[in-house]
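J.: For reference, the structure I am asking about is given below.
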Amino acid sequence: TQLLEQSPQFLSIQEGENLTVYCNSSSVFSSLQWYRQEPGEGPVLLVTVVTGGEVKKLKRLTFQFGDARKDSSLHITAAQPGDTGLYLCAGGWGGGATNKLIFGTGTLLAVQP
Amino acid sequence: GAVVSQHPSWVICKSGTSVKIECRSLDFQATTMFWYRQFPKQSLMLMATSNEGSKATYEQGVEKDKFLINHASLTLSTLTVTSAHPEDSSFYICSASRREQFFGPGTRLTVL
């Protein structure tokens, strides 16, 4: 059973366009992370959100955690070819080093120059 | 900081053989490491939680006798795929945890 559903599954856009990726769940999480993964490499952490309603910005990327801590979104402004990759959300319960993560279904983004 | 390495980065083996994959945290000690597998263009599926000094905790549906995990020290966890078959071919990724999880670069296993 996949607890975290991402949409869209695939997205191909032109350079300069904006996009939003959604991560939805029926479960409540203590924290939610967003990762970006390139082919043949491990995921790289982009951001962690822990508070319901929290908004974090990382340059052209804006992350929001839902008020109920069940969903999240990632918005990219003026996408660039370097943004191409697999975007993964991951939810965790509890805290600390033993915090297990459940990954979302993934969104494969391709930004065409 | 927070660098995690995996070895080998890729391996090809014959069906029926066993393959060991190492996961090392290079600049911090990790009492907990995690092992994931990933199929092409799909998400990561957690296989097991590796605990230093104790038995690993496996996720539902993961055969513990097939995927042997040993967490020998605070910087090393190993995953051994025993009697590998073509359906075990996948991308195996580990992470080491220090509040947040830091991921290794992955190991591509191909079983012929």
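J.: Only one residue in B:THR57, B:THR75 is farther than 19 Å from A:LEU101 by Cα and within 14 Å of chain A (Cβ to nearest Cβ). Which one?
T.: Every option except B:THR75 fails the conditions.
J.: Quick one: B:ALA2 ticks every box in (1) in contact (Cβ under 8 Å) with a residue 12 or more places away in the chain; (2) more than 15 Å from the chain's Cα centre (by Cα); (3) on the phi < 0 side of the Ramachandran plot bar one, so which box is it?
T.: (3)
J.: Counting just the residues of the range B:25-54 that are surrounded by fewer than 15 Cβ atoms within 10 Å (Cβ to Cβ) and more than 8 Å from chain A (Cβ to nearest Cβ), which one comes out farthest from B:GLN101 (Cα to Cα)?
T.: Looking at the filtered set, the residue picked out is B:PRO40.
J.: Separate question: Failed condition for A:LEU3, given (1) under 20 Å from B:GLU59 (Cβ atoms); (2) surrounded by fewer than 18 Cβ atoms within 10 Å (Cβ to Cβ); (3) modelled with pLDDT of 95 or more; (4) not hydroxyl-bearing (Ser, Thr, Tyr), with all others met?
T.: That leaves (3) as the condition not met.
J.: Specify which of the listed residues (B:GLU22, B:GLU100, B:GLU63) is over 21 Å from A:GLY91 (Cβ atoms) and surrounded by 14 or more Cβ atoms within 10 Å (Cβ to Cβ).
T.: Just one listed residue meets the conditions, B:GLU22.
J.: Additional query: Is there a residue in the range B:6-14 that is surrounded by 15 or more Cβ atoms within 10 Å (Cβ to Cβ), more than 10 Å from chain A (Cβ to nearest Cβ), touching a residue at least 60 places away in the same chain (Cβ under 8 Å) and at negative phi? Show your work before the answer.
T.: Taking the range B:6-14 first, the residues surrounded by 15 or more Cβ atoms within 10 Å (Cβ to Cβ) are B:6, B:11, B:13.
From what is left, the residues that are more than 10 Å from chain A (Cβ to nearest Cβ) are B:11, B:13.
Checking the rest, the ones that are also touching a residue at least 60 places away in the same chain (Cβ under 8 Å) come to B:11, B:13.
Within this subset, residues satisfying the condition of being at negative phi are B:11, B:13.
The answer is yes, given that some residue of the range B:6-14 is surrounded by 15 or more Cβ atoms within 10 Å (Cβ to Cβ), more than 10 Å from chain A (Cβ to nearest Cβ), touching a residue at least 60 places away in the same chain (Cβ under 8 Å) and at negative phi.
Every residue, every condition in (1) assigned to a strand (DSSP E or B); (2) touching a residue at least 24 places away in the same chain (Cβ under 8 Å), yes or no:
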| position | (1), (2) |
| --- | --- |
| B:LEU46 | yes, no |
| B:THR49 | yes, no |
| B:SER54 | no, no |
| B:LEU68 | yes, no |
| B:THR80 | yes, yes |
| B:SER97 | yes, yes |
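J.: Could you please let me know if A:GLY82 is in a loop (DSSP other than H, G, I, E, B) and more than 10 Å from the chain's Cα centre (by Cα)?
T.: Against the criterion (in a loop (DSSP other than H, G, I, E, B) and more than 10 Å from the chain's Cα centre (by Cα)), A:GLY82 does not qualify.
J.: Can you find a residue in the range A:78-86 that is facing chain B (nearest Cβ under 9 Å) and within 30 Å of B:VAL11 (Cα to Cα)?
T.: Initially, the range A:78-86 is screened for residues facing chain B (nearest Cβ under 9 Å), giving A:86.
Right, trim to within 30 Å of B:VAL11 (Cα to Cα) and you get A:86.
Checked against the condition, which is being facing chain B (nearest Cβ under 9 Å) and within 30 Å of B:VAL11 (Cα to Cα), the range A:78-86 yields at least one hit.
J.: Please find, among A:ARG60, A:ARG36, the residue that is surrounded by 13 or more Cβ atoms within 10 Å (Cβ to Cβ), under 24 Å from B:CYS94 (Cβ atoms) and touching a helix residue (DSSP H, G or I) at 6+ places or on another chain (Cβ under 9 Å).
T.: Working: A:ARG60 fails: under 24 Å from B:CYS94 (Cβ atoms).
None of the others qualify; the one that does is A:ARG36.
J.: In the range A:26-46, what residues are modelled with pLDDT of 95 or more and within 12 Å of A:SER73 (Cα to Cα)?
T.: A:TRP34
J.: Kindly indicate whether A:GLN33 is under 22 Å from B:ALA2 (Cβ atoms) and touching a Ser or Thr at 6+ places or on another chain (Cβ under 7 Å).
T.: Yes: the conditions hold for A:GLN33.
J.: Please find, among A:PRO43, A:PRO39, the residue that is under 19 Å from B:ARG37 (Cβ atoms), within 13 Å of chain B (Cβ to nearest Cβ) and in contact with a Ser or Thr (Cβ under 9 Å, 6 or more places away or on another chain).
T.: Details: A:PRO39 fails: in contact with a Ser or Thr (Cβ under 9 Å, 6 or more places away or on another chain).
A:PRO43 is the lone residue from the list that is under 19 Å from B:ARG37 (Cβ atoms), within 13 Å of chain B (Cβ to nearest Cβ) and in contact with a Ser or Thr (Cβ under 9 Å, 6 or more places away or on another chain).
J.: Can you pull out every residue in the range A:40-75 that is among the acidic types (Asp, Glu) and farther than 30 Å from B:THR110 by Cβ?
T.: Result: A:GLU54, A:ASP67, A:ASP71.
J.: Shifting gears a bit: Within the set of pairs 6 or more residues apart or between chains, which connect a residue that is more than 13 Å from chain A (Cβ to nearest Cβ) and under 9 Å from B:SER89 (Cβ atoms) inside the range B:99-112 to a residue that is among the charged types (D, E, K, R) and surrounded by 14 or more Cβ atoms within 10 Å (Cβ to Cβ) with Cβ atoms less than 6 Å apart?
T.: Short answer, once both residue conditions are applied: B:VAL111/B:ASP88.
The values are calculated or read from the model by the stated rules, or taken from the named source; none is laboratory data. What you are looking at is a predicted structure, and each value in this text was computed from that prediction instead of being measured. FYI the Cβ positions are ideal-geometry reconstructions off the backbone, even for glycines, and counts take in every protein chain you see.
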